[in-house]
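*Asks:* Provided herewith is a single structure, encoded as structure tokens, for subsequent inquiry.
The values are calculated or read from the model by the stated rules, or taken from the named source; none is laboratory data. Only a predicted model underlies this, so the values are computations on that prediction, with no experimental measurement involved. All Cβ positions, glycine included, derive from the backbone under ideal geometry; neighbour counts span all protein chains shown.
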Amino acid sequence: MASGFNRVFGSPLLGLLALIMYYTVQQIEGYILIPYVMEKTLGLNPIVVIVAVVVGGQIGGIVGALFAIPVTIVLAILFEELFFKHNHAVGK
């Protein structure tokens, strides 16, 4: 039985190494690559992206994590419109 398992799946060490590699790539993508892309595309700070996804995930699970970035963008635009543009208009 063990020899059949090894023939089909390779060694258990190879499977463990593949699992570790998959986990590492997912972590790099989730905590470095995606926030960087969001910053370049949307103008959001990577820390804001990470916090938004974590908070959205805690509040609404997977659906909350998916909607976290669009909600954060809307809030950032509203904040900018209400506070920055209003302050500049009053100062002129």
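*Asks:* Check Gln26, Gln58 and return the single one that is at pLDDT 90 or above and under 12 Å from the mean Cα position of the chain (by Cα).
*Replies:* So the residue among Gln26, Gln58 that is at pLDDT 90 or above and under 12 Å from the mean Cα position of the chain (by Cα) is Gln26.
*Asks:* Does Met38 satisfy the criteria of being loosely packed, with under 10 Cβ neighbours inside 10 Å and at pLDDT below 85? Quick ask: steps written out before the conclusion?
*Replies:* On the way: loosely packed, with under 10 Cβ neighbours inside 10 Å: no; at pLDDT below 85: yes.
Here the answer is no, as Met38 does not meet what is asked.
*Asks:* Can you find a residue in segment 12-34 that is in contact with a Pro (Cβ under 7 Å, 6 or more places away or on another chain), of a type outside the set (Asp, Glu) and surrounded by 13 or more Cβ atoms within 10 Å (Cβ to Cβ)?
*Replies:* The first filter runs over segment 12-34 and keeps only residues in contact with a Pro (Cβ under 7 Å, 6 or more places away or on another chain), leaving none.
No, the conditions are met nowhere in segment 12-34.
*Asks:* Another one. Of (1) at pLDDT 85 or above; (2) surrounded by fewer than 11 Cβ atoms within 10 Å (Cβ to Cβ); (3) within 22 Å of the chain's Cα centre (by Cα), Leu82 satisfies all except one. Which?
*Replies:* For Leu82, the exception is condition (3).
*Asks:* Conditions first: (1) modelled with pLDDT of 90 or more; (2) within 16 Å of Ile73 (Cβ to Cβ). Ile50 passes all but one, so which condition is the exception?
*Replies:* So the condition that Ile50 fails would be (1).
*Asks:* Oh, and also: What are the residue pairs meeting all of these: first residue in segment 27-44, first residue under 16 Å from Val74 (Cβ atoms), second residue part of a helix (DSSP H, G or I) and among the polar types (S, T, N, Q), Cβ atoms under 8 Å, and 6 or more apart or on different chains?
*Replies:* If the second residue must be part of a helix (DSSP H, G or I) and among the polar types (S, T, N, Q), the pairs left are Leu44/Thr72.
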